[in-house]
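See below for the structure under consideration.
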Amino acid sequence: MRVTVFGATGRTGRLFIKKALLKGHEVVAFARSPEKITFQHERLTIIKGTLSDIDAIEKAVKDTDAVIELIGAVSEGTANIVAAMQKHNVRRLIALSAISHQDALDKRDFQRALINGIVKLTMPKLVKEVSKAAAIIRESELDWTLVRVPSLKDNGSSSYVKVGSYGRGEVGFQLSRADLSQFMYEQLTDQKYIRQAPAISS
């Protein structure tokens with residue numbers, strides 16, 4: 001497959017790119033600062049641009065099979081990516097979202113409510129951007145998956161990733177970047193969560 005990655009220079013992005021290349025895929029990495037990607041590969045293409053650079057976004061998206069979006073809380077960038085995908089008939093979008101984003105399958109959960117309350121008090125703009133970005137994706141006609149994550153850690157991967165909804169005892173509140181990378185990679189070929197917003201944890 002040809003996979004385009006937005007948020008390519010972040011820690012999760014770099015993990016995902018290395019995994020996809022190892023599995024034989026072609027990767028297009030979209031980066032504001034390409035020098036942060038310190039490795040090279042014959043199947044890796046790096047496109048320099050910002051999330052407001054529509055021409056660069058379209059160049060990155062054109063002729064790709066799937067888009068991995070790891071920016072999460074930049075609604076303007078999300079809107080530009082979705083528009084470019086629709087223009088170039090790219091349907092599969094696997095996007096990062098956050099614990100604050102509510103899904104219809106969630107139930108009340110005290111610990112999640114406490115975490116969200118603290119985040120809303122300390123980073124209200126971030127919470128609004130997460131909500132706006134998720135709404136843009138949900139309202140699109142793409143084959144999207146919103147991957148909702150709690151606090152991310154750099155520790156190693158687990159034997160499996162827990163997947164479910166909040167308030168049902170199905171997922172916890174910590175996740176390694178390695179596990180997030182693995183789960184998002186699996187969604188390239190797994191259609192189980194298309195047009196769904198699974199919460200995941202280690």
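Summary of values
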| quantity | calculated |
| --- | --- |
| Placed amide H near residue 97: partners under 5 Å, 5+ positions off or other chain | 147, 148, 149 |
| Diffusion constant of segment 102-162 at 20 °C, which comes from Stokes-Einstein with the Kirkwood Cα-pair radius and 1.002 mPa s, µm²/s | 153 µm²/s |
| CD proxy at 222 nm, helix term only [per DSSP H run n ≥ 4: -39500 (n - 2.57); per residue of the chain; nearest 500] | -11000 deg cm²/dmol |
| Share of carbon and sulfur in the accessible heavy-atom surface of the chain [1.4 Å probe, %] | 49 percent |
| Loop GluC sites (Glu not before Pro), segment 27-126 (other Cβ atoms within 10 Å of the site Cβ: 14 or fewer; DSSP) | 42 |
| Estimated distance in nm for a label pair at residue 135 and residue 168, the labels positioned 7 Å out from Cα along Cα-to-Cβ | 2.5 nm |
| Entries in 19/132; 87/125; 36/132; 107/128; 62/153 that, when Cα-Cα distance is taken, lie over 24 Å | 19/132; 87/125; 36/132; 62/153 |
| Sequence-distant residues sharing a close amide H with residue 194 (under 5 Å, placed H) | none |
| Average silhouette area of segment 1-100, convex hull of alpha-carbon atoms, in square nanometres | 6.0 nm² |
| Relative contact order (%) - criterion: Cα under 8 Å, at least six apart; region: the chain | 20 percent |
| Rounded if a/c under 1.5, otherwise prolate or oblate - the chain, Cα gyration tensor axes | prolate |
| Summed side-chain charge close to residue 199 - residues other than residue 199 whose Cβ falls under 11 Å, Lys, Arg +1, Asp, Glu -1 | 0 |
| Qualifying trypsin sites (Lys or Arg not before Pro) for segment 1-47 [loop in DSSP, other Cβ within 10 Å: at most 15] | 23, 32, 43 |
| Cα-based Rg of segment 60-112 normalised by 2.2 N^0.38 Å, two decimals | 1.42 |
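The values are calculated or read from the model by the stated rules, or taken from the named source; none is laboratory data. Keep in mind that what you see is a predicted model, and the values were worked out from it rather than measured. Quick reminder, even Gly has a Cβ in these numbers, built from the backbone with ideal geometry, and neighbours come from all protein chains shown. Keep in mind that these areas ignore ligands, DNA and RNA; they rest on the heavy atoms of the full protein, side chains included. Shrake-Rupley method; radii C 1.70, N 1.55, O 1.52, S 1.80 Å.
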